[in-house]
Structures are given as C-alpha cells and as structure tokens.
Amino acid sequence: MNIKLNIYVVAVVYFFINVALLIYAPYDVHLTQGADSGSWYDPALSLLKHGTFVTLNDPTILQTYRPPLYPIYEAIMLFIGSGSIISIIIGQIVLLWLTGVIVYKIVENISPGKGLVGLSLIIFNPNTLGTAHLVQSDILYMFMMSTTLFYLILYDRNGNFKLSFIVGLLFGLTCLVRPSGQYLIPLFPAIYIIIGVLRNSGQSLLIHFYHGLLSIIVAVVVVFPWAQHNASAGWGYNLATSEIEVVYFKDNVIYLESILNNKSLKNSESKITQGEHEYIASYPEKWLQMSKQDRSSTIASYYKQQLFTYDYKTVIKGFVDSWIGLFGAGGAANLHNVLALSGNRSIQVMAESKEYASRVDAVLSTLMTSNLVTVVISLFSFAYVIILRVFGLVGLIKMIRNREYGVLFILSGVVTYFMLIALFVGNSRYRLPIEPALIVMAVYGLNVFIKKRNTSGIK
C-alpha cells in the first residue's frame, strides 16, 4: 500500500476506536474522572458567562488559578457544541491526531519513511488516548510542545530569524497552556548557541545568540498580558500564582516524607499538613493580618524550605522513584477512568495510591482485585511503554553514533527538563509533554532494528 492509503487506514481505525470510547463511556466521566478537571472547566464557563477571566460565581474577583489558553479552547468548543462536554473531547481527539501528524513530520525529517510509525505510536498510545477523553489541559499542552519541538528541529537543520520567531511564538503560547515550561524561555540564547555549535552551522555564535534573544522577546510579549493580569490581582508578574506553588511543593514534600519513613502517602500527608498548621499557629496575629496572596506565598516558601530538610539518600531515592514513574508507568489509569472499569482509581498512583507505601504496591494491589479487562489494559499499557523505552535507548545510542548531535540535544534536553521539574512526583501524566520526543527517539531505535533485520536477510 502507498503512504496515503496507509495514513487513511490508520485514520479510520483511530476514528472508530474513539467513537467506541465515546459511546461506551458514561457522559459524566469526561469531567468527573479527569485530574483537576473542575479547576479547568469553571474558568471556561466563566468566560462564556462573563466574557473575561473572572471567577465563575463572583465576577469582581479575577481568575488567576489557571492560565488562559486551555479555558479559551474549552469555551470555544462549548460554544460550538451548545454546551456539551463531548465537544471538548472531540476537539481533543482532533488535537491528538494533529500531534500525531507533527510527530510524523519530525520523524520523516530524521528517519525518512518511518513517519507513519511515529504517528501511530502517538495516537494509539494508551497514555494519550485515555487523556484525550477527559477534560484536562494535557492534550493541548502536548500538541503545543510537539509543534515547538518540530520548529526547533527545523532550526537545527536551517537556523534563521524566521524559525526563532516561530519558536518563541509557539513556546509562549505553550506556557499559556501550562506554565511549567516557562523556565526554558531565558535559556533560548544558550540553546541556540549549543545547537549551532553541535551542527557546525558556519554561522557565528553571535547570530545564534540574536536568534535566541528574538525567541525570548517574542515569548515574553506573548505571555506578558497574562502576567499583567495576575499582577493586577495581587499575585505579582507571574504565570503561575503561589496557590499553584503550594500544591506543587507540598505534593513533593509528601512524597519525600513517604519515602523517608516508608509510610503511605495518606499517612505522610496528614503529618505534613499538621506541620503546616503548627507553622501557621506559631505567629497567629501576623497570619490574620496577611492577604490571601501573602498567605499562599508564605506557605509556598515554607514547603520549599521543607524540601531541603531531607537527607541526600532520601532525595536520591525520591528522584529515582519519580523517574521510574515518569518513564515506566503505562498510563492506563485514564483509560480505566473513561471506561469506568472496576478498581481503576487506585492505579492512578499520583493521587489515588495514598493507602499504599509505594507505587508498585498500589498497582499490584489493584490488579489483584480488578476484572480481566482492567488487567489486560494495564498489562498492555505497561508492555507498550517498556518496549518504547527500550527502542528509545537504542535510538539515543544510535543518534550519538550517527552524530545527530543537534537533534539529540533538543530531544534529550526537553526530556531532561521535564524530568527535573517533575521532582519527586513523576507519573505517566507528567510524561505527556515529552511523549512526542520519546517516541521520536523510539522510532529512531526501531529503524536500527529494521535495517539490521533487512541486512541479515530475515523475512
């Protein structure tokens, strides 16, 4: 079959799988079973009701908890779909397909003829497929990250001001979906200089520096209105408020506490929360005089300090445990949630394994008490991710041998960044923004296997 026919077949299969999921899934799971879906959904409803970023029930208070781009997407889809949540899901199914198309283009640029493999690995990935059917920002975030990645790789092939402008624009928009990537913005000059050195472009390093500076300027221009919005609400010029920081750093402290004492997350959370209450009680008069913003900032600082109270062995174990979860988790939880399968909630380890001392215990305990369909999906998802990691490792090694240093730097750099910002709470959900990069490396490794197979004459 020619390539167009192959793509058509894949598209048809993808269509029917998603139709089946939409038919089988109870209507309410799209919203009720998604991680923090409500905190994303309410701003969209507020946009439709009030026409601006204010809280849903009190338009005098600015909405600052979530960045704007995903609520805007939700509001548009709800408007088109006459308020139906299904319209949001259909849009995400399309976004996942478009992400696959982008991965197709990236793979064709690096491993010609293997683009369809990359597309298929993205769209049929249990981690991405299940997430697409829940009201979460992750699919849009992955789409924007993959688009930025595509233009970064084009920059590696032919660096110029136009591409650096596009990268800055796209990455600024990416940070307006989720702000976790914002710390990469000031690094653009260094990133472009390294790319220029690795590919021996012949351009002066100063030119690459100017390219990076342009990306910074464009990205800052894109995100500045939201930073101004947050500042006007008393949170300072930030893309994420200290309310989000409290949740982020507290979760990480809980994980470290769990590792240190070999206790369940539930037990550790109770202990950590009690410590927070004691900290607040230590100066009650000052606390009462603080604004909401100052209180959040104070607690966020408190949890940041707590992270540095743990010994290096606990921290190292925390990172290892987190990376195992980030790269090794199958991502079946959201498929379980969408299909409303028994025992599904315990497998979503980040939030639902609080009764267990470890992620492994949570998964094993759930599988032992789950029905056959749940077990099959879990095992398939786990096998899927492990095979991808093996081929990804082969691809990484082969890129080094083939001196694809620029591409390798971009792909591994993105992966490393998200490894680090996950800190101690790595899981399959946090892998979504780097799933395209990991799959590109996996296809590169798979191509090595295919070439060896063809060379050896195996039929």
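The values are calculated or read from the model by the stated rules, or taken from the named source; none is laboratory data. If you're wondering where the values come from, they're calculated on a predicted model, not measured in any experiment. Reconstructed Cβ throughout: ideal geometry from the backbone, glycine too, with neighbour counts over all protein chains shown.
A few comments on the model shown:
- Listed by first and then second residue, the pairs linking a residue in region 156-172 that is outside the structural domain of HIS208 (by TED's automatic domain parsing) and charged (D, E, K, R) to a residue that is surrounded by 19 or more Cβ atoms within 10 Å (Cβ to Cβ) and assigned to a helix (DSSP H, G or I), with Cβ atoms under 8 Å apart and 6 or more places separating them unless they lie on different chains, form an empty list.
- Applying the condition of being hydrophobic (A, V, I, L, M, F, W, C) and out of contact with any helix residue (DSSP H, G or I) (no Cβ under 8 Å at 6 or more places or on another chain) to region 298-323 and asking which residue is surrounded by the fewest Cβ atoms within 10 Å (Cβ to Cβ) yields PHE308.
Yes/no per residue for (1) more than 17 Å from TYR151 (Cα to Cα); (2) assigned to a helix (DSSP H, G or I); (3) hydroxyl-bearing (Ser, Thr, Tyr); (4) outside the structural domain of ILE195 (by TED's automatic domain parsing):
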{"position": "ARG403", "(1), (2), (3), (4)": "yes, no, no, no"}
{"position": "GLY413", "(1), (2), (3), (4)": "no, yes, no, no"}
{"position": "PHE418", "(1), (2), (3), (4)": "yes, yes, no, no"}
{"position": "ALA437", "(1), (2), (3), (4)": "no, yes, no, no"}
{"position": "VAL440", "(1), (2), (3), (4)": "no, yes, no, no"}
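- Residue match in region 202-217 (condition: within 23 Å of LEU432 (Cβ to Cβ), assigned by TED's automatic domain parsing to the domain that holds SER39 and surrounded by fewer than 20 Cβ atoms within 10 Å (Cβ to Cβ)): no
- Residue within region 59-72 that is assigned to a helix (DSSP H, G or I), of a type outside the set (Asp, Glu), within 23 Å of the chain's Cα centre (by Cα) and farther than 30 Å from VAL223 by Cβ present: no
- Checking the stated criteria, SER146 turns out not to satisfy the condition of being at pLDDT below 95 and in the same structural domain as GLY406 (by TED's automatic domain parsing).
- Condition broken by ARG389, with the remaining ones in (1) at pLDDT 95 or above; (2) not assigned by TED's automatic domain parsing to the domain that holds LEU119 satisfied: (2)
- Across region 46-74, the qualifying residues are those that are more than 21 Å from ALA227 (Cβ to Cβ) and buried (at least 17 other Cβ atoms within 10 Å of the Cβ), and the one among them that is modelled with the lowest pLDDT is LEU56.
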